[in-house]
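Engineer: Handing you this structure, nothing more for now.
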There are 2 protein chains.
Amino acid sequence: MTGMPRKALATEAEPSEMALESLVGYNLKRAYVILQNDYRAVMGEHGLSPRVFSALTFVVETPNLTQSDLARRLGIERSGLVAIVDELEGRGYLRRVAVPQDRRVQALSPTDAGVQAYEAALTLVHAHEDRMLQTLDAGERDQLLHLLKKIRETGE
Amino acid sequence: MTGMPRKALATEAEPSEMALESLVGYNLKRAYVILQNDYRAVMGEHGLSPRVFSALTFVVETPNLTQSDLARRLGIERSGLVAIVDELEGRGYLRRVAVPQDRRVQALSPTDAGVQAYEAALTLVHAHEDRMLQTLDAGERDQLLHLLKKIRETGE
DNA sequence: GCAGATCGTTTACTAGGTTAACAATTATCG
DNA sequence: CGATAATTGTTAACCTAGTAAACGATCTGC
């Protein structure tokens, strides 16, 4: 027998020498999971999920948005958006409004309750982000935002 | 007829004034989706998925890793790891090796084929990352990695 | 030697998408 | 004009990637 402790079957390698640790994709995913988990904790059991909050933001900030528009802006399929809009409509945060000029389309119009819910949620989201990014100073936060946008521009 | 194109029901707001665009979480998710899609395109139809590649990396780089160890390092549940290890074993990239000192445990040992597959995959991943991050110089890339790790440290 | 923890596993479930098809409607162009 | 193509919202079936709870087997600490 060696002098190795029984418990430690795996020799713990320095994180710095792990190939994964120098990959942006791996770190991006880990950071994304952390943020998402905290987001859900902050928004609570019956809070808006990330995608529903994003959709509500577009609806509130973009007058006369249609579902196809919204799906394109969110980067998802029209079919996938239906459940999201259903939820927002079910909560009374928006209405599907018939558009006489194009009867295929239903414009998405936020209700007063929707605008209120959006503003309340945004406050929570800001608090959540401030907490998750507390170890970053203002410059680092701007830089992070800038670098993520650069990746988005490359791929969208 | 007005001068407005009929198609544009939604007035396109400047992205800079959208509340979402200044949220790290939103940009992180969008960037994550872009990277993941390109990753899958690069690795091909029957290539290793991100999580399987991550698992294989740990198995190759960490001798005598157990499944519980691996799950902890990947930040997922033991139950979720089973399918990943099944796939790697099915591909012949690792073996579940009985450990006499603890018969609950099966150590994960990479095969020669597993090491080869890991190295081939890593080359593809590096090419993928270089392409996705082509608009970032070396300093920006390091900075991005550094900032993502800071978020990880806050939340892990 | 017994109570409690840990290991790998199965099962059932959830979130968040995708693709393919559909009827209704609108746009294009010979 | 009229035929053909494109677009819209929707449903249905499916996929990926995870979680939570329970299980028998095994190990650890007192």
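Engineer: Being part of a helix (DSSP H, G or I) and at the interface with chain B (Cβ under 7 Å from one of its Cβ atoms) is the filter here; which residues of region A:126-140 pass it?
Structural biologist: Scanning region A:126-140 gives A:Glu129, A:Met132, A:Glu140.
Engineer: Exactly one condition in (1) open to solvent by 60 Å² or more (accessible area, probe 1.4 Å); (2) hydroxyl-bearing (Ser, Thr, Tyr); (3) under 30 Å from B:Glu156 (Cα atoms) is not met by A:Thr154; state its number.
Structural biologist: Only one criterion is unmet by A:Thr154, namely (1).
Engineer: Which of (1) more than 10 Å from chain B (Cβ to nearest Cβ); (2) in a strand (DSSP E or B) does A:Leu108 not meet, given it meets every other one?
Structural biologist: The single condition A:Leu108 does not satisfy is (1).
Engineer: Continuing with the same structure: Confirm whether A:Val125 is within 24 Å of B:Val33 (Cα to Cα), open to solvent by 40 Å² or more (accessible area, probe 1.4 Å) and among the hydrophobic types (A, V, I, L, M, F, W, C).
Structural biologist: Working: within 24 Å of B:Val33 (Cα to Cα): yes; open to solvent by 40 Å² or more (accessible area, probe 1.4 Å): no; among the hydrophobic types (A, V, I, L, M, F, W, C): yes.
So A:Val125 does not fit the description; no.
Engineer: List every residue pair whose Cβ atoms sit under 9 Å apart, with the two residues 6 or more apart in sequence or on different chains, where the first one lies in region B:49-75 and is more than 10 Å from chain A (Cβ to nearest Cβ) and the second, anywhere, is at pLDDT below 95 and within 14 Å of DNA strand C (Cβ to nearest atom).
Structural biologist: B:Gln67/B:Gln106
Engineer: So, B:Glu21, is that one more than 7 Å from chain A (Cβ to nearest Cβ), more than 26 Å from B:Leu147 (Cα to Cα), more than 15 Å from DNA strand D (Cβ to nearest atom) and part of a helix (DSSP H, G or I) or not? I'd like the intermediate steps shown before the answer.
Structural biologist: Values: more than 7 Å from chain A (Cβ to nearest Cβ): yes; more than 26 Å from B:Leu147 (Cα to Cα): no; more than 15 Å from DNA strand D (Cβ to nearest atom): yes; part of a helix (DSSP H, G or I): yes.
Taking the combined requirement at face value, the residue does not satisfy it.
Engineer: Now for a different question. Yes or no: region B:103-117 includes at least one residue that is of a type in the set (A, V, I, L, M), within 12 Å of DNA strand D (Cβ to nearest atom) and in contact (Cβ under 8 Å) with a residue 24 or more places away in the chain.
Structural biologist: Within region B:103-117 (the criterion being of a type in the set (A, V, I, L, M), within 12 Å of DNA strand D (Cβ to nearest atom) and in contact (Cβ under 8 Å) with a residue 24 or more places away in the chain), the answer is yes, since at least one residue qualifies.
Engineer: Looking at A:Leu35, A:Leu56, can you tell me which residue is surrounded by 16 or more Cβ atoms within 10 Å (Cβ to Cβ), modelled with pLDDT of 95 or more and within 30 Å of B:Thr62 (Cβ to Cβ)?
Structural biologist: Numbers: A:Leu56 fails: within 30 Å of B:Thr62 (Cβ to Cβ).
Within the list A:Leu35, A:Leu56, the selection yields A:Leu35.
Engineer: Sticking with this structure for a sec: Mind listing whichever residues of region A:72-97 are more than 8 Å from DNA strand D (Cβ to nearest atom) and either at pLDDT below 95 or assigned to a loop (DSSP other than H, G, I, E, B) (or both)?
Structural biologist: Matches in region A:72-97: A:Gly75, A:Ile76, A:Arg91, A:Gly92, A:Tyr93.
Engineer: While we're looking at this one, here's another question. Could you please find all residues in region B:61-80 being open to solvent by 10 Å² or more (accessible area, probe 1.4 Å) and farther than 19 Å from A:Lys29 by Cβ?
Structural biologist: Matches in region B:61-80: B:Pro63, B:Asn64, B:Thr66, B:Gln67, B:Ser68, B:Asp69, B:Arg78, B:Ser79.
Engineer: Quick one: in region A:41-71, of everything that is in a helix (DSSP H, G or I) and small (Gly, Ala, Ser), which residue is nearest to DNA strand D (Cβ to nearest atom)?
Structural biologist: Selected residue: A:Ser68.
Engineer: Still on this structure: Run down A:Leu144, A:Leu94 and say which single residue is facing chain B (nearest Cβ under 10 Å) and more than 16 Å from DNA strand C (Cβ to nearest atom).
Structural biologist: Checking each option against the conditions leaves just A:Leu144.
The values are calculated or read from the model by the stated rules, or taken from the named source; none is laboratory data. Source: prediction; values computed, not measured. Methodologically, a virtual Cβ is constructed for each residue, glycine included, from the backbone with ideal geometry; neighbour enumeration extends over all protein chains shown. Only protein heavy atoms, including side chains, enter the accessible area calculation; ligands, DNA and RNA are left aside. Shrake-Rupley method; radii C 1.70, N 1.55, O 1.52, S 1.80 Å.
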